[in-house]
Amino acid sequence: MQIYRVLLGGVVLSVGVAVLSWWQGWESVGLLVALLVATAAWGTGLWLMGRQRTEVLATYRAFFEHVLEGIIQADRKGKLLAVNPALARMLGYERPEQLQGLNLSTDVLADAADFQHLRSQLEAYGAARNYYLQLRRRNGEVFWARMNIWKREELFEGTVEDVSSLQEAEAALRASEARYRTLLEYLPVGVYRSTLDGTIRAANTAAARMLGYASVEALLQANANSFYVDPAQREAFLKQLREKGEAMAELMLRRADGTIIWVQDYARCIVEQDGQVYFDGVLIDITERKQTRQALQETEERYRQLLEQLPEPVVVHDGKTILYANAAAAAFAGLSNPEKLIGKSIYQFLRTEKADAIRRYLEMAAQRGRQLPPMEQQMVRADGAVRDVELVSAPVQYQGRPVFQVVLRDITERKQYERHLLEAKERAEEIARFKSTLLSNISHEIRTPLAGVIGFAEVLEEELDEPHRELAALIRDSGRRLLETLNTLLDLARIEAGAFVLSPEPFDAADEVRQSVRIFQRMIEDKGLRLALDLPDGPLPVYLDRNGFHRIVVNLVSNAVKFTDEGMIRVGLATEGDWLRLEVQDTGVGIDPAFLPHLFEEFRQENNGLARTHQGSGLGLAITHRLVEMMGGRIEVESEKGKGTTFTVWLPLRLTNGTKTETTSTTANSTKSNA
């Protein structure tokens, strides 16, 4: 304004001087003075204009140099003409001059396409306000910036603001919101927001599923008041919310399909700035917990009733005093009421002369925290009777804490029965020993004269003529049969008395089988049977008791010959791993399956008395079974009535020190009567 006043005053003054000079006739002088005044006025105005421009430029330069936002000037092709220090620092340069000449599109913008879009907007509208784009710093780092730029003649000018921190904050906020929403959706518990009138404003998927709705949207259409089975529960819950600002309760709710569930609801009262009241809550489905608790209570009640009805004394103690006792325990202690035992020492209840042993047992059970094997002890009952008792201590839970349960089982009758059994066993063993001794003595007493009878019968058979020779042969065969029976009885007596000791030695099992079978060659031919030997071509070395093995083969082959009237007998021998397999197969009469359990019993035959069709003492298979067991083997039987029988004996190839090498077993699919 000052410049305009000076110029206007100079013009007015010069015009006035010129008019006055013309009026007074001072033509030359007046015009000169007017010209001088006008020149002075214009000179002063120009001086003032120059000074003002200098001040403006200084102000702009100070603003340009010190403003916090970046200032940019570029031509239409994007070439940077000028930038301020703030933009240089923003882009990672030490001086603004380093940016001059660089291209906005390739050297500053992270995406060259942004420049084309920006230029199109400037050409169309002349300016671009709050334009967000990414810039690249000198070190290659990319950041977000906000640009306000306009077009002036052929130049692009504007400001640049680093908004990376704002973008990061907004991104973090969005990420946090996304995480919250994700967490809310995947929480296993229901989350909701409702109003006082029951309107549901928000909920997660878990809440919808819990209440039986297919989606959150479907749940939002429902009213919370309709969920409550008992409306009084909701009123009490809301009252607590209004009074305390928060509430927690176990509520019974009705699902959309009508089923009933139990939930634990924890809610808080939220008052917004507009005065609106909301209830934000969390729902936890506790239906299974309720059912489990109910089942536990029922189980505890059944357990208590069971304990009360048990005839055996049961007490629960904490290591020192009794916490529970049933009626049987009270009766054992001579009391009418179990309550009188509560609080008393467990050792006062368990009266015995060996109290220290019971104390150690109970203390050990407490230390180990597990049930120990039963302890047998004699205890004194309230009436003074001494009873044999089996005591069991086991850790249990009682009223929420670990304790110990002691059960007393009266085993007096059982102990007496066991003593009777032991006495009977000892008597039976004594009788068995006496029987074995008697058999051994009788066998020796009879064998000597019997040898003479057999010998003289053989002599008479050679010297006498018919029909006396046939009688002598009958005497000889009867004597041999009696001698065989005596030898069998003697062997059985030796085995039962423990006098039959195995003496393992190396021998050829295949050759031993051939020699043993040769004994029956004549009998097999006389009966018209076929004999098949399935033996190895070479030797089969074993380390067994030779006499025992020989007796096993002889007994089985003898049995086969005796009970086979037509067909064949097969004897096989082979090895499988560390085992020797002996098979004796016949096509004889076979065995009735009902006789299976008695197959290897002494003196047992399938046919007895007048129904017997074959001779024998019933000891052959019993001795065979004993010998197989003694050598650590097993014997198996397969038979079909009327078609034949197969005996399979498994023996170890090597017997160590005459003892068993494996637990023995006997398997039979059907059985055959003993010889």
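Find the residue count for region 138-175, including only residues that are among the β-branched types (Val, Ile, Thr) and over 21 Å from Lys79 (Cα atoms).
Summing the residues that are among the β-branched types (Val, Ile, Thr) and over 21 Å from Lys79 (Cα atoms) in region 138-175 gives 1.
Would you mention how many residues in region 278-311 are under 26 Å from Ala202 (Cα atoms), open to solvent by less than 70 Å² (accessible area, probe 1.4 Å) and not hydroxyl-bearing (Ser, Thr, Tyr)?
7
Pairs only if they're at least six apart or on different chains, beta carbon under 7 angstrom, first in region 632-650 and more than 19 Å from Gly567 (Cα to Cα) and of a type in the set (Asp, Glu), second open to solvent by less than 20 Å² (accessible area, probe 1.4 Å) and modelled with pLDDT of 90 or more; list them, first residue then second.
Between residues of region 632-650 that are more than 19 Å from Gly567 (Cα to Cα) and of a type in the set (Asp, Glu) and residues that are open to solvent by less than 20 Å² (accessible area, probe 1.4 Å) and modelled with pLDDT of 90 or more, the close pairs are Glu636/Thr648.
Return a yes/no flag: does region 413-434 have any residue that is modelled with pLDDT under 75 and more than 15 Å from Ile322 (Cβ to Cβ).
yes
I'd like to check something: does region 152-168 contain any residue that is open to solvent by 60 Å² or more (accessible area, probe 1.4 Å), among the small types (Gly, Ala, Ser) and at pLDDT below 90?
yes
Could you please tell me which pairs satisfy a Cβ distance under 7 Å, a separation of 6+ or placement on different chains, a first residue in region 290-308 that is modelled with pLDDT of 80 or more and in a helix (DSSP H, G or I), and a second residue that is surrounded by 11 or more Cβ atoms within 10 Å (Cβ to Cβ) and not aliphatic (A, V, I, L, M)?
Lys290/Trp262
In region 346-362, what residues are under 20 Å from Ala325 (Cβ atoms) and open to solvent by 80 Å² or more (accessible area, probe 1.4 Å)? If you could, list the steps in order and put the result at the bottom.
Step one: list which residues in region 346-362 are under 20 Å from Ala325 (Cβ atoms), which gives 346-352, 355, 358-359, 361-362.
Answer for region 346-362, where residues must be under 20 Å from Ala325 (Cβ atoms) and open to solvent by 80 Å² or more (accessible area, probe 1.4 Å): Gln348, Arg351, Arg359.
Answer yes or no: is there a residue in region 410-432 that is in contact (Cβ under 8 Å) with a residue 40 or more places away in the chain, in contact with a strand residue (DSSP E or B) (Cβ under 8 Å, 6 or more places away or on another chain), open to solvent by 40 Å² or more (accessible area, probe 1.4 Å) and not small (Gly, Ala, Ser). I'd like the intermediate steps shown before the answer.
Keep residues of region 410-432 that are in contact (Cβ under 8 Å) with a residue 40 or more places away in the chain, which gives 410, 432.
Among the residues that remain, those that are also in contact with a strand residue (DSSP E or B) (Cβ under 8 Å, 6 or more places away or on another chain) are: 410.
Filter once more, so that each one left must be open to solvent by 40 Å² or more (accessible area, probe 1.4 Å): 410.
Of the ones still in play, those that are also not small (Gly, Ala, Ser) are 410.
Yes, that holds for at least one residue.
Restricting to region 231-264, what's the tally of residues that are more than 16 Å from Ser194 (Cβ to Cβ), among the charged types (D, E, K, R) and exposed (fewer than 12 other Cβ atoms within 10 Å of the Cβ)?
The qualifying residues number 3.
For region 511-538, give me the residue count where each residue is free of Cβ contacts under 8 Å to residues at least 40 places away in the same chain and either among the acidic types (Asp, Glu) or part of a strand (DSSP E or B) (or both).
Count: 7.
Among the residues of region 321-332, are any within 30 Å of Ala208 (Cβ to Cβ), of a type in the set (A, V, I, L, M) and either assigned to a helix (DSSP H, G or I) or open to solvent by 90 Å² or more (accessible area, probe 1.4 Å) (or both)?
no
List every residue pair whose Cβ atoms lie under 7 Å apart, where the two residues are 6 or more positions apart in sequence or sit on different chains, the first residue falls within region 153-169 and is among the charged types (D, E, K, R), and the second residue, located anywhere, is part of a strand (DSSP E or B) and open to solvent by 60 Å² or more (accessible area, probe 1.4 Å).
Glu157/Trp150
In region 154-164, what residues are among the small types (Gly, Ala, Ser) and outside any strand (DSSP E or B)?
Ser164
Using the structure shown, decide if Tyr93 is hydroxyl-bearing (Ser, Thr, Tyr) and modelled with pLDDT of 90 or more.
Considered against the rule, which asks whether it is hydroxyl-bearing (Ser, Thr, Tyr) and modelled with pLDDT of 90 or more, Tyr93 comes out as yes.
Within region 176-214, track down each residue that is over 22 Å from Ile260 (Cβ atoms) and exposed (fewer than 13 other Cβ atoms within 10 Å of the Cβ).
The answer is Ser176, Glu177, Ala178, Arg179, Tyr180, Arg181, Thr182, Leu183, Glu185, Tyr186, Asp197.
Only one of these is open to solvent by less than 50 Å² (accessible area, probe 1.4 Å) and under 44 Å from the mean Cα position of the chain (by Cα): Ala385, Ala365. Name it.
The conditions single out Ala365.
Among the residues of region 569-587, is any touching a Leu at 6+ places or on another chain (Cβ under 9 Å), surrounded by fewer than 22 Cβ atoms within 10 Å (Cβ to Cβ), among the aromatic types (Phe, Trp, Tyr) and modelled with pLDDT under 90?
Checked against the condition, which is being touching a Leu at 6+ places or on another chain (Cβ under 9 Å), surrounded by fewer than 22 Cβ atoms within 10 Å (Cβ to Cβ), among the aromatic types (Phe, Trp, Tyr) and modelled with pLDDT under 90, region 569-587 yields no hits at all.
In this structure, does Arg209 turn out to be at pLDDT below 85, in a helix (DSSP H, G or I) and on the phi < 0 side of the Ramachandran plot?
Here the answer is no, as Arg209 does not meet what is asked.
Going residue by residue through region 165-173, is there one that turns out to be in a strand (DSSP E or B) and touching a Phe, Trp or Tyr at 6+ places or on another chain (Cβ under 8 Å)?
Scanning region 165-173 turns up no residue that is in a strand (DSSP E or B) and touching a Phe, Trp or Tyr at 6+ places or on another chain (Cβ under 8 Å).
The values are calculated or read from the model by the stated rules, or taken from the named source; none is laboratory data. Here the structure is a predicted model, which is why all the values come from computation and not from measurement. Glycine gets a Cβ as well: all are built from the backbone with ideal geometry, and neighbour counts include every protein chain shown. When the accessible area is computed, the model is the full protein with side chains, heavy atoms only, and any ligands, DNA or RNA have been set aside. Shrake-Rupley method; radii C 1.70, N 1.55, O 1.52, S 1.80 Å.
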